[in-house]
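The structure appears below as structure tokens.
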Amino acid sequence: MRTFMILALFWPALVSSCDLVPVGPPSCLDLTSTSHISTDTQFGQYIEGSGTNRKGEMFAVNYGNDSTLFALGQFHPQQRLFYADPVPNTHFNGIRFLNDNTAYTVDVANHRVLQLTVNEYPDGPTVVGSSVFCADPTMLQPNDLTLSKLGTVFTSGMRWLQDTNDTHGDIWSCLQNGEVKRLEVMGRTNGIDLSPDDTKLYVSESYTRGGTPYVQKIWLYDANVTTGTISGKRLFVDFEVLDGTQNVDIDGMKTDVAGNLWVTRHGGREVVAFDSTGAVIARVRLTFPNPTNLEFGGPSGRTIYVVGKCDGANTGCTDTLEVVTPGRSWSNLQPSGSSTLSKGVAYDRLSRDILWGMVFGKTLLNNVNN
Ligand SMILES: *[C@@H]1O[C@H](CO)[C@@H](O)[C@H](O)[C@H]1NC(C)=O
Ligand SMILES: *[C@@H]1O[C@H](CO)[C@@H](O)[C@H](O)[C@H]1NC(C)=O
Ligand SMILES: *[C@@H]1O[C@H](CO)[C@@H](O)[C@H](O)[C@H]1NC(C)=O
């Protein structure tokens, strides 16, 4: 009875945007995010690259205003400065934590990946040192980064011009020994993440003509995180074929521990989630139209924080969505052997979790019941 009422309540939403996808319900869920930071924001409109630490505290770039691209901030549970780089033209665009004391951030303007040394202070984590982890003047940016469990970095990057050609995007890797290499040159690359077992790399590629995007693809590679190399390139998703949204740029992407890929659509006011076969499993409507990235965090790694320019204001907003499966980055930061699917986690949106369990079947439902 309870389940029936919940379904009835959600049904009108279920048959709207997921209908764009040429697969029948119930294989796709329409979800709605909740505004987390909006009018009280301390972030500028270039907020990007959300990252989590072990505790699920959340960080992003562009703390301050439009002129402070050199500043990283914490946005959850409190808004505060995390790190301001002394190089004035530094333009941070993404951040990832390797452990409690080490994080990496990418600098678009100076074509480098910085390693940050982090200390815990009573009022929150603070950067106490920074050094260049890897750099190459021929990197197009980097735009975003992902990190393997043992700290191999992969970066995306682009040259944004009115007309994109096959040389306006790249993929690079940096090993812990400092070795940096270009892996591919292609159309504009942006979203980038590894599968939870570190064996696959997802990279987005976009093309623009006359200033308007017209190609939006996600490629899947076999990754070797020991050598920092990729191979076996194949198409994972082509939004033109999927739903005709090839004019909406793909931005940041993150995987969860079940191997699902969550993708922000800049200009599309949404996040789209795919399972590891490339089937759409959810579409999330946001409170702002231009999401730039997302990450899973919070105490159980099951809150998705989406960042982007606020709707109608030159400031940075964040939205949240509660889900059942923790994020890959958050999970990698937990002490080894600890369960990422612990008992007794409070669910403040039980109805949504029941739906997730119903739609995605036994595995996720078991996770809820564990
Ligand atoms: C932006 O923030 C910086 C650092 O707090 C400040 O010096 C600067 O005046 C601010 N700029 C604007 C346009 O508000
Ligand atoms: C691609 O664009 C670059 C400028 O970024 C230009 O130098 C190059 O000639 C272009 N290549 C092709 C094949 O059009
Ligand atoms: C990565 O490459 C090294 C060197 O070629 C190889 O020994 C290793 O088996 C590879 N790992 C994977 C997961 O393919």
### Task
Go through the residues of the range 140-158 one by one and say whether even a single one is touching a residue at least 40 places away in the same chain (Cβ under 8 Å), assigned to a strand (DSSP E or B) and charged (D, E, K, R).
yes
### Message
Contact list please: Cβ distance under 9 Å, first residue in the range 213-241 and on the phi > 0 side of the Ramachandran plot and in a strand (DSSP E or B), second residue within 16 Å of ligand 2 (Cβ to nearest atom) and not polar (S, T, N, Q), pairs at least six apart or on different chains.
### Response
none
### Query
Quick check: anything in the range 205-222 charged (D, E, K, R), over 17 Å from the mean Cα position of the chain (by Cα) and within 16 Å of ligand 2 (Cβ to nearest atom)?
yes
### Task
Show the residue pairs that are 6+ apart or on different chains and have beta-carbon atoms under 7 Å apart, the first residue being within the range 19-34 and more than 18 Å from Asn260 (Cβ to Cβ), the second being part of a helix (DSSP H, G or I) and modelled with pLDDT of 85 or more.
Leu20/Asp243
### Residue selected from the range 258-273 under the condition under 16 Å from Gly327 (Cβ atoms) and not in a strand (DSSP E or B), by the criterion nearest to the chain's Cα centre (by Cα)
Asn260
### Query
Quick one: is Gly129 modelled with pLDDT under 95, farther than 26 Å from Ser331 by Cβ and either in a loop (DSSP other than H, G, I, E, B) or more than 16 Å from ligand 2 (Cβ to nearest atom) (or both)?
no
### Query
What are the residues in the range 166-184 that are free of Cβ contacts under 8 Å to residues at least 40 places away in the same chain and within 16 Å of ligand 3 (Cβ to nearest atom), if any?
Gln176, Asn177
### Task
Go through the residues of the range 108-125 one by one and say whether even a single one is within 19 Å of the chain's Cα centre (by Cα), buried (at least 17 other Cβ atoms within 10 Å of the Cβ), within 19 Å of Phe97 (Cβ to Cβ) and in contact (Cβ under 8 Å) with a residue 60 or more places away in the chain.
yes
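The values are calculated or read from the model by the stated rules, or taken from the named source; none is laboratory data. In this text the structure is predicted, and so the values were computed from the model without any measurement. Ideal geometry is used to build each Cβ from the backbone, glycine not excepted, and the neighbour counts take in all protein chains shown.
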